[in-house]
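The values are calculated or read from the model by the stated rules, or taken from the named source; none is laboratory data. Model, not experiment: these values are computed from the prediction. Positions of Cβ are generated from backbone atoms using ideal geometry, with glycine treated the same way; all protein chains shown enter the neighbour counts. Remember, those area values only see protein heavy atoms, side chains included, never the ligands or the DNA or RNA. Shrake-Rupley method; radii C 1.70, N 1.55, O 1.52, S 1.80 Å.
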Amino acid sequence: MSLWRQLLRGVGTRSNRAAVGAGLEVAVEEKEMVVSVVPSHAVREVMARAAKSIREDAILVSASKGIETS
């Protein structure tokens, strides 16, 4: 059993609400809201990968910490 499954055992999640351990594109596709919590230096790369799979009308929340230096 994966660590995520162990930590979330007993927590009710529905496949349309949370994607735990899925690939990035699968995790964000068809979601009404996407919460990005990656270090600031990785936001550009991660969101560029995710962008093609995020719904056009999705709410996007960014909770990154730090300052991108490049």
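All conditions in (1) modelled with pLDDT under 90; (2) surrounded by 12 or more Cβ atoms within 10 Å (Cβ to Cβ); (3) part of a helix (DSSP H, G or I) hold for Ala19, with the sole exception of (3).
Could you tell me how many of the residues in segment 42-70 are open to solvent by 90 Å² or more (accessible area, probe 1.4 Å), more than 12 Å from Leu24 (Cβ to Cβ) and within 13 Å of the chain's Cα centre (by Cα)? Number of matching residues: 2.
The lone criterion from (1) modelled with pLDDT of 75 or more; (2) outside any loop (DSSP other than H, G, I, E, B) left unmet by Val38 is number (2).
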